[in-house]
1. Among the strands (runs of 3 or more DSSP E) confined wholly to the stretch 1-119, which include 2 or more residues that are surrounded by fewer than 20 Cβ atoms within 10 Å (Cβ to Cβ) and at pLDDT 95 or above?
2. Can you name every residue in the stretch 1-51 that is among the hydrophobic types (A, V, I, L, M, F, W, C) and free of Cβ contacts under 8 Å to residues at least 24 places away in the same chain?
3. Only one of these is farther than 21 Å from R130 by Cα and surrounded by 15 or more Cβ atoms within 10 Å (Cβ to Cβ): R356, R333, R376, R392. Name it.
4. So, E121, is that one of a type in the set (D, E) and either touching a strand residue (DSSP E or B) at 6+ places or on another chain (Cβ under 7 Å) or within 16 Å of the ligand (Cβ to nearest atom) (or both) or not?
5. Those residues that are more than 19 Å from the chain's Cα centre (by Cα) and within 19 Å of Y221 (Cα to Cα), I need them from the stretch 126-160; list them, please.
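The values are calculated or read from the model by the stated rules, or taken from the named source; none is laboratory data. Note that the coordinates shown come from a computational prediction; the quantities given were computed from them, not determined experimentally. Note that each Cβ is placed from the backbone with ideal geometry, even for glycine, and that neighbours are counted across all protein chains shown.
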Amino acid sequence: MPFTANRAFRESPRMLSTAEGMYYKNVDGHKILDGCSGLWCVNAGHGNAKITEAIKKQLDQLSYAPAFQIGYGIAFDFADRLAELFPGDLNHVFFTNSGSESVDTALKIARAYHRAAGNPEKVKLIGRERAYHGVNFGGISVGGILNNRQRFGPLLPEVDHLPHTHDLNKNAFSKGQPENGAEKADRLLDLIALHGAPNIAAVIVEPMAGSTGVLIPPRGYLGRLREICSQHDILLIFDEVITAFGRLGDSCAASRFDIQPDMITTAKGLTNGAVPMGAVMISDQIHNALMTGPENMIELFHGYTYSGHPLACAAGLATLDVYAEEDLFKRAREMEPYLEQAVHGLSHHNCVIDIRNYGMVAAIELAPLAENPGVRAFSVFQKAFDAGLLVRTTGDTIALSPPLIITKQQIDFVVNTLDGILATI
Ligand SMILES: Cc1ncc(COP(=O)(O)O)c(C=O)c1O
């Protein structure tokens, strides 16, 4: 099983059977409130009838068509809708099947762009410590999680990393964006001084990092990164696999933070998790630079058998309709202060060393047990599951990212359940 303690799971499995709205049911029929949208993907809630119907209808009409040198309408319709949703000139879409594939696609496009623009030496890719960009070789190379990297090397050579922004000494218990840390973006200047801007293709960051414990960008940080990248002809890629589609109370983090990246990687909420799919949003400038050479030649030698799969496009179009009709991005923004207040109410527990929140995301960081990092939070995960609540833990951080349809009463259930468990550990 992926990212699972397989032997422990076999001993004591946690098995789900069905899901509807905010709830899973386990195999014994017990309801489990989904506090993390599956894996940050089911933003509109489970079993949405409109999305299900759209997939069924598409299945009858066209369940597969090749995407190389052949087109079908629904993929272009979906691409057009995405271009409307994402900010600025991110008007072009490359479909993938996952967040990991979106990341590797974006990194390859960054290099291909600079080559097409006459700067073939611009190849270096800058990631960040504590970043998660999926599990493919590009993603783990720019990623910054030791366990995901150390057994799989050698990784891509032309890579360096910015420092992460997490600083409990200065920012613990911040509500919303932390005040301190914008200057960490200036470390990019050090990397430019070291490698030379003419050798750097792109910087990739999660505007809000999720998988390493919800790291919210300090005020001014992302803007400063944008400024430096623009000054040095370095592309800025936002990995929005978890932050796009309402998670932060807007269509994407770029819109919420009002920063225009050159590419955005997405997946997950793109289809409400109903069919695997990813998409890379690409600027006019990058697209136009690639549309050169003889017109009968392939411009970008890249793609997947299932790029723009018809079922995924049908699910995606219906998902965008549901987001719009139920006004879920706005709903997330309106619910944000309630989640903030509720979750910060857990700060009195001795084991809690930080609480942070932004959009429909919150994190409770626990003091790690000496010599046993991660064990404390995992025990909360297990106890919460037994008490009918699914949360996600990473290291010693409990992450909450519920479907955007969550009610105030359900937020109360989440926080009260955690309150009871934190008192016991
Ligand atoms: C920021 C980010 N990038 C990439 C990925 C990888 O996505 P996938 O698991 O769909 O390959 C994730 C998954 O959580 C993610 O959070």
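1. 16-20, 23-26
2. M1, F3, A5, A8, F9, M15, L16, V27, A49
3. Sole residue among the options that is farther than 21 Å from R130 by Cα and surrounded by 15 or more Cβ atoms within 10 Å (Cβ to Cβ): R333.
4. Considered against the rule, which asks whether it is of a type in the set (D, E) and either touching a strand residue (DSSP E or B) at 6+ places or on another chain (Cβ under 7 Å) or within 16 Å of the ligand (Cβ to nearest atom) (or both), E121 comes out as no.
5. Scanning the stretch 126-160 gives a single hit, D160.
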